[in-house]
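Trainee: Quick one: structure below, then a few questions.
Values in this text are rule-based calculations from the coordinates and carry no lab data. On a predicted model such as this, the values are computed, not experimentally measured, just so you know. Glycine also receives a Cβ, built like all others from the backbone with ideal geometry; neighbour counts cover every protein chain displayed.
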Amino acid sequence: MKPAIRIGQGFDAHAFADGDHVMLGGVRVPHTRGVAAHSDGDVALHALCDAILGALALGDIGQHFPPSDPRWRGADSRQFLRHCVELAHARGWMVGNADLTLICERPKIGPHAAAMRAILAEDMGIAIDDVSVKATTTERMGYTGREEGIAAMAVALLHAAA
Ligand code: MG
């Protein structure tokens, strides 16, 4: 019998644009730039949604929330995450834990990581201890290193509901 767990991974990136903050993990992080995006451009939430959708083998966030749909203009990406979690629950799966890595030179993530974990945990209905938010730079290499944009990776583990 197969073990009653499933794993998924997600990735997202957005270019910086004019603005004074970036939304990351549902937290409004002050910055000298914003992000170019149809929704609120929250790369952490988008990567996490794709991780959950991936674990469910239900496609990707672009299929569930098409950028061409005017409903998602400027949308709060937390609703995307909550929807993905509902899709999991409807299929008998619970989120066990999630691990995120944000990739950028700036803004600094550390001061906001605890707030992000609390929001992500709330939206997934799990404990803060089951949500990890880490950050790294790319040592000035590539598009994140040149501060052209910001990226995020996520992994989520699902387990069968008891
Ligand atoms: Mg995105």
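Trainee: Note down the magnitude of the dipole of the range 1-78 about its Cα centre, charges +1 on Lys and Arg C-beta and -1 on Asp and Glu C-beta and zero elsewhere, to the nearest 20 debye. Please report the intermediate quantities before stating the final value.
Mentor: On the way: 7 positive and 9 negative charges, 56 e Å.
I would put it at about 260 debye.
Trainee: Computed over the Cα atoms, what is the radius of gyration of the chain divided by 2.2 N^0.38 Å, N being its residue count?
Mentor: Values: Rg = 15.2 Å, N = 162, 2.2 N^0.38 = 15.2 Å.
Taking the Cα Rg and dividing by 2.2 N^0.38 Å, one obtains 1.00.
Trainee: Further question: Can you list residues whose amide H is under 5 Å from GLY96's amide H, if they're 5+ apart or on another chain and H is modeled 1.01 Å from N?
Mentor: LEU157, LEU158, HIS159
Trainee: Something else: Could you give me the ³J(HN,Hα) list for the range 143-159, computed from phi with Karplus coefficients 6.51, -1.76, 1.60 and θ = phi - 60°, whole Hz, x at Gly and Pro?
Mentor: With the stated coefficients, the range 143-159 comes to 5, 6, x, 7, 6, 8, x, 9, 9, 8, 10, 9, 10, 10, 10, 10, 10 Hz.
Trainee: OK, next. Determine the relative contact order of the chain: mean sequence separation of Cα pairs under 8 Å and six or more apart, normalised by residue count, in whole percent. Before the final figure, lay out each step's value.
Mentor: Numbers: 371 pairs, mean separation 52.6, N = 162.
32 percent.
Trainee: If you take the charge dipole of the chain about its Cα centre, with +1 on Lys and Arg Cβ and -1 on Asp and Glu Cβ, which of VAL95, GLY34, HIS21 is farthest toward its positive end?
Mentor: Checking the options against the dipole of the chain, the answer is VAL95.
Trainee: Would you compute, from DSSP H runs of 4+ residues alone, the mean residue ellipticity of the chain at 222 nm, taking -39500 (n - 2.57) per run and dividing by the full residue count, rounded to the nearest 500? Could you put the intermediate results ahead of the total?
Mentor: Working: 5 runs with 50 residues, N = 162.
My calculation for the chain gives -9000 deg cm²/dmol from helical runs alone.
Trainee: Okay, moving on. For the residue pair GLU86 and PHE11, what label-to-label distance in nm results when each label sits 7 Å from Cα along the Cα-to-beta-carbon direction?
Mentor: Between GLU86 and PHE11, the simple spin-label model gives 3.0 nm.
Trainee: Listing MET141, MET1, MET94, MET116 from the residue with the fewest other Cβ atoms within 10 Å to the one with the most, what is the order? Intermediate values should be presented prior to the final figure.
Mentor: Working: MET141 9, MET1 3, MET94 16, MET116 22.
The most exposed by this proxy come first: MET1, MET141, MET94, MET116.
Trainee: Quote the charge dipole size of the chain about the Cα centre in Debye, to the nearest 20; the model charges only the Cβ of Lys and Arg (+1) and of Asp and Glu (-1). Mind dumping the intermediate values first?
Mentor: Working: 15 positive and 19 negative charges, 38 e Å.
The dipole of the chain has a size of about 180 debye.
Trainee: Okay, next question. With a 10 Å Cβ neighbour count serving as the proxy for reagent exposure, in which order, fewest first, do THR101, THR137 appear?
Mentor: Numbers: THR101 18, THR137 14.
Going from least to most buried by this count: THR137, THR101.
Trainee: On alpha carbon coordinates alone, what is the Rg over Rh value for the range 71-162, Rh being the Kirkwood radius?
Mentor: In the range 71-162, Rg relative to Rh is 1.03.
Trainee: How long are the three semi-axes of the equivalent ellipsoid for the range 1-41, computed from the Cα gyration tensor as the root of 5 times each eigenvalue, in whole Å, largest first?
Mentor: On the way: eigenvalues 217, 24, 10 Å².
Over the Cα atoms of the range 1-41, the semi-axes work out to 33, 11, 7 Å.
Trainee: May I ask for the angle, rounded to the nearest 10°, between helix 78-90 and the longest principal axis of the chain, with both axes built from Cα atoms and the value confined to 0 to 90°?
Mentor: 10
Trainee: Just to check I understand the Karplus step: with θ = phi - 60° and J = 6.51 cos²θ - 1.76 cosθ + 1.60, what whole-Hz values come out for the range 35-48, glycine and proline as x?
Mentor: Calculated HN-Hα couplings, in order: 10, 7, 6, 7, 8, 6, x, 7, 5, 5, 5, 5, 5, 5 Hz.
Trainee: Could you list PHE80, PHE11, PHE65 in order of exposure, starting from the residue whose Cβ has the fewest other Cβ atoms within 10 Å?
Mentor: Ascending Cβ contact count within 10 Å gives the list PHE11, PHE65, PHE80.
Trainee: Under 12 Å from the Cβ of MET153, count the other residues' Cβ atoms, weight Lys and Arg +1, Asp and Glu -1, and hand me the total. Before the final figure, lay out the partial values.
Mentor: On the way: positive: LYS134; negative: ASP12, ASP50, ASP99.
Once all neighbours under 12 Å are counted, the net charge is -2.
Trainee: While we're here: Compute the helix-to-body angle for 110-124: its Cα long axis versus the longest principal axis of the chain, expressed 0 to 90° and rounded to tens.
Mentor: 30
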